[in-house]
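> Let me begin by handing over the structure; questions about it come next.
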Amino acid sequence: MERAMERRRNVYEAALSRIEKIFSDFDNIYVSFSGGKDSGVLLNLCIDYIRRHKLKRRIGVFHMDYEVQYSATLQYVEKVFSENTDILDIYRVCVPFKVSTCTSMHQSYWRPWDEEMKEIWVREMPRSAFRKEDFDFFSDDLWDYDFQMRFAEWLHRYKRAARTCCLVGIRTQESFNRWRAIHSDKNYCCYERFKWTRKIADDVYNAYPIYDWRTTDVWVANGRFGWSYNHLYDLYYQAGVSLEKQRVASPFISAAIPSLQLYRAIDPQMWGRMINRVNGVNFAGIYGNTSAMGWYKVKCPKGMTWEDYMHFLLSTLPDDIRQGYLDKLSVSIAFWRNKGGCLADETIEKLRRMGVEISVGDSTNYKTDKKPVRMEYLDDIDIEEFRELPSFKRMCICILKNDHACKYMGFAPTKDEKERRNQIMEKYKKYYGEDR
C-alpha cells in the first residue's frame, strides 16, 4: 500500500535515473548533439550530472556538421563546446557523406564539405574537425544516416572501450516512428531489458533517456535550470512558428522545404551563400510552400491527362533522375496489380460506387483489419483517401516535390534499395532477431 502511494516520478527524475544507470554501467559514453532543443537538453542533463556528482570522467559529443546551418545554431554549438572543454571530448565531423535534398529536380543528394566545391563552401571548415581521412570506414557511397551507425562502432574501437553507449535525444511525441522505436513489440536486444535502449553492435548501445518528454518539458527545464539553448528558437517564435514545428534539421529535406524561406529573413547572409551552394535552393525558398512544388492543390495543364503531365515532367529531368522515378513507378504498378494495397471497407465501398474496377481479397499477411485491394493505376480520383490510392496525379505531385525517394507516394523500394537494406539487415540480424 505504501509503495502504491509513492509519488510518481516526473520526466526529469526519470531521465536522471536512466542517466545514472548509463554512467554506472558504461565506460564510454557520448551524446549525439545536433544543436537542437532535444539533443541540447540531453547534453545539459549529462553535463549537470557530471558536475553535480563531481565525477572524474569525460564524455564524448558527436556533432555532424552539415556545413549549411543557421548562424545561431553554429554560435550555440561553439558556446557549448568552449564552456565545457574540461569534461567533453568533441567529435565534430565534417565529411562529404550523401545528404538527401528535395530542393532540386536534378539531384537527389548533395555533399557537405565536398572538396570539389570548396570554392563555394558557405564557411570555413572548423580547424578541430574530424575529416573523412580520420575514418577508415568512409566511402563516397556512405549516406549521413549510415555514417552515424558506423561512427558508433568506430568510436568503440578508437576508445578501446569495454562498453559504449550513445545517448540520443529523441522523444516519442515527435512522430509515430519514434514512438515505435521505443514501444514496438518487435524491438530486440535492449540493454538489460530497458525499452529505452537498443543494441547496435557488440557492446555498443543507443539510449534514449528523454523519450517520454514533451516539448514543454524541454523548455521548462531550460528555464528552471538556466541551461543554455539555441536562440534560433527565439527567432522562430518571433516569426510565428509554433513550438511543435520549431526544429533544427538539414534545410533541404522534404519536411524543411515549407520553412526554407525563413532563412531569408532570419539569416540573410547564410541564405546568400546557400543559394549558390545547393541546386534549387532559391526556387524552393520562394515556391516551396506553393503548388509549384506540389504543396496545396496542383492543377493539371489543359489538354493533358495526369499521365501525360507525368511524362512531360519526367522528360525535363536528367536520365538518372528520370529512371529513378520510373523504377519506383514500375514497382508500385506491379504491387497494386499483383498484391494489392490494404484499404478500409469504407474506402472499398466508395471505389465500387464510383465504378472503379477492383479485386478485393479476404486476408493479408499484414497485421491490419483492412483488406487487400488489387487495381490498375488511376489517372486521378476525387476522394478523401486520395493519398492511399495509386494514381498518376500522386506521381506528378511527387516529382514536383522533388521527392526522389517517393515517400509521398508510399512506393515500395526499388530492387537496389531492397538489396542495400537486406545487406544492412543481414549484418545486424544476429542482434535484432530473424523476424525483424
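> From the list 381, 424, 358, pick out the single residue that is over 30 Å from residue 198 (Cβ atoms), β-branched (Val, Ile, Thr) and modelled with pLDDT under 90.
Result of the check over 381, 424, 358: 381.
> Out of 62, 81, report the one residue that is crowded, with 22+ Cβ neighbours inside 10 Å and either in contact with a strand residue (DSSP E or B) (Cβ under 8 Å, 6 or more places away or on another chain) or modelled with pLDDT of 95 or more (or both).
Among 62, 81, only 62 is crowded, with 22+ Cβ neighbours inside 10 Å and either in contact with a strand residue (DSSP E or B) (Cβ under 8 Å, 6 or more places away or on another chain) or modelled with pLDDT of 95 or more (or both).
> Residue 24 passes all but one of (1) hydroxyl-bearing (Ser, Thr, Tyr); (2) modelled with pLDDT of 95 or more; (3) out of contact with any Ser or Thr (no Cβ under 9 Å at 6 or more places or on another chain); (4) within 30 Å of residue 243 (Cβ to Cβ); which number fails?
Result: residue 24 fails condition (4) only.
> Same structure again: Restricting to region 215-242, and then to whatever is in a helix (DSSP H, G or I) and β-branched (Val, Ile, Thr), can you tell me which residue is surrounded by the most Cβ atoms within 10 Å (Cβ to Cβ)?
Here the answer is 218.
> Please go through region 129-153 and pick out each residue that is in a helix (DSSP H, G or I) and either among the basic types (Lys, Arg) or under 22 Å from the mean Cα position of the chain (by Cα) (or both).
132, 144, 145, 146, 147, 148, 149, 150, 151, 152, 153
> A further question on this structure: Go through region 348-386 and give me each residue that's touching a Lys or Arg at 6+ places or on another chain (Cβ under 7 Å), outside any loop (DSSP other than H, G, I, E, B), without any contact (Cβ under 8 Å) to a residue 24 or more places away in the chain and surrounded by 12 or more Cβ atoms within 10 Å (Cβ to Cβ).
360
> Another question about this same structure. Here is a check on your reading of the model: is residue 8 out of contact with any helix residue (DSSP H, G or I) (no Cβ under 9 Å at 6 or more places or on another chain) and either crowded, with 21+ Cβ neighbours inside 10 Å or assigned to a loop (DSSP other than H, G, I, E, B) (or both)?
Considered against the rule, which asks whether it is out of contact with any helix residue (DSSP H, G or I) (no Cβ under 9 Å at 6 or more places or on another chain) and either crowded, with 21+ Cβ neighbours inside 10 Å or assigned to a loop (DSSP other than H, G, I, E, B) (or both), residue 8 comes out as yes.
> Search region 24-49 for residues being assigned to a loop (DSSP other than H, G, I, E, B) and within 25 Å of residue 162 (Cβ to Cβ), and hand back the single one that is farthest from the chain's Cα centre (by Cα).
The residue in question is 27.
> Among (1) within 29 Å of the chain's Cα centre (by Cα); (2) modelled with pLDDT under 90, there is one condition residue 315 misses while meeting the rest; what is its number?
Condition (1) is where residue 315 drops out.
> Quick check on region 65-76. Is at least one of its residues assigned to a loop (DSSP other than H, G, I, E, B) and at pLDDT 95 or above?
Scanning region 65-76 turns up no residue that is assigned to a loop (DSSP other than H, G, I, E, B) and at pLDDT 95 or above.
> Would you call residue 99 crowded, with 19+ Cβ neighbours inside 10 Å and either over 21 Å from residue 232 (Cβ atoms) or under 19 Å from the mean Cα position of the chain (by Cα) (or both)?
yes
The values are calculated or read from the model by the stated rules, or taken from the named source; none is laboratory data. Given the structure is predicted, the values throughout are model-derived calculations rather than measurements. FYI the Cβ positions are ideal-geometry reconstructions off the backbone, even for glycines, and counts take in every protein chain you see.
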